[in-house]
Amino acid sequence: MDEKQVDKILKPGKFLIIVTIIAIIGTLALFGAGIYTGYENTKNPELLGELIDNGEDKEGKYAKIDVVTIPYGFAEEGKGRYYYFVKDADGYMYIVRITDGTYKKLEKMYNNGEGEVKYEFKGYTYKIPASLKRLAIEAANEGVEDDNNKMTYANFENYVGNVYIDETKKPESDSSSMFYGMGVMAGVLTVCLVVASITQIINVRKITKNSELMEELKAELAGNTDDTYKKLKLYLTDRYIISRTGGIEAFGYKDVIWEYSLIRYVNGVAQGKTLIIYTRDKRRHNLAATGPNDERIEEIMTEISDKNPNVRVGYTKENRQFFKEFKKEQM
């Protein structure tokens, strides 16, 4: 190899570190978005009455109603979720969707307070659909004989507006929780990347700070014309195994004590192979990965064992016991 090729192989890669930095920024941004949206949506819920007066009673608003009466139920959707009529202190009527638990809380408040109720409903506003509007009109007109006092489709908005408040939908269960969920998933990935980056930095520094070793590797690569395993980021010289899968790693053949091929299965089907080696410092190294039918892993294992006849080959019970005893001896 020429000097340029050698320098390129031994030059520390920055791709993983850049990806890790991007992942950290992305994770912080997702958590920041979750905090921001949660704060923005909860700090100032608007009075629904004021929204109606200003013609701003639209879907997607975070609003509230200060209720002073026990809710009157008129429709049910799903188990334990009901639609109610409620009134505020000014006597204006609204529609809310609450759980059975909330109603029981208000009922208890009503009974203990001798007919008084004070409760703040908060939630997102949703446009009242035609089916709910029909049920609301039927319920509101029960017992009303004078047609002039009846609720109709024409005057419906004058009674309750265009929207209802769904107390079961809070900001923390919508956009903010979505950002938090994405942040957690991104955080797990980021932790893995940080660990991989730290490992890479340690491996790189271990080699680059050893000027004598660097000169040996340069000389080995300069005299090496075989780049058969270049696509696997692996170079086998006369004296060293040089791997670029984890930054830069270099092992003398005599330092490898055990090698084997690990086959990866998904649903019982072989998906790929990984070459695993253990060195005298008791560390495990993933040297290369290929498809399940690729024979290069076996070729590399043969070359390593040719250079070091004492290396243990294969994932056998005997070799596992050997490594277990080896670790005890080195303690």
Quick count over the range 270-282, residues being polar (S, T, N, Q), open to solvent by less than 80 Å² (accessible area, probe 1.4 Å) and closer than 20 Å to K231 by Cα, is 1
Within the range 247-255, can one find any residue that is outside any strand (DSSP E or B), closer than 30 Å to D7 by Cβ and aromatic (F, W, Y)? yes
Residue set E220, E216, E172; condition of a type in the set (D, E), more than 16 Å from L16 (Cβ to Cβ) and at pLDDT below 80; output residue E172
Restricting to the range 211-269, give me the number of residues that are among the hydrophobic types (A, V, I, L, M, F, W, C), over 21 Å from T199 (Cα atoms) and open to solvent by 30 Å² or more (accessible area, probe 1.4 Å). 6
Residues in the range 86-105: is at least one aliphatic (A, V, I, L, M) and farther than 26 Å from E46 by Cα? no
If I go through the range 80-89 residue by residue, how many of them are at pLDDT below 90 and open to solvent by 40 Å² or more (accessible area, probe 1.4 Å)? 3
For the range 109-132, which positions are over 37 Å from the mean Cα position of the chain (by Cα) and among the β-branched types (V, I, T)? V117
Looking at the range 149-171, which of the residues that are open to solvent by less than 10 Å² (accessible area, probe 1.4 Å) and free of Cβ contacts under 8 Å to residues at least 60 places away in the same chain is farthest from A139 (Cα to Cα)? F156
Matching residues in the range 124-148 (surrounded by 17 or more Cβ atoms within 10 Å (Cβ to Cβ) and polar (S, T, N, Q)) number 1
When residues of the range 99-122 are limited to those that are assigned to a strand (DSSP E or B) and out of contact with any Ser or Thr (no Cβ under 7 Å at 6 or more places or on another chain), the one surrounded by the most Cβ atoms within 10 Å (Cβ to Cβ): F121
How many of the residues in the range 180-195 are open to solvent by 50 Å² or more (accessible area, probe 1.4 Å) and either of a type outside the set (A, V, I, L, M) or not in a helix (DSSP H, G or I) (or both)? 2
Given (1) in contact with an Asp or Glu (Cβ under 7 Å, 6 or more places away or on another chain); (2) open to solvent by 20 Å² or more (accessible area, probe 1.4 Å), index of the condition H285 fails: (2)
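The values are calculated or read from the model by the stated rules, or taken from the named source; none is laboratory data. Being a predicted model, the structure only gives us computed values, none of them experimental. Don't worry about glycine lacking a Cβ; one is built from the backbone with ideal geometry, like all the others, and counts go over all protein chains shown. The area values use the complete protein model at the heavy-atom level, side chains included, leaving out ligands, DNA and RNA. Shrake-Rupley method; radii C 1.70, N 1.55, O 1.52, S 1.80 Å.
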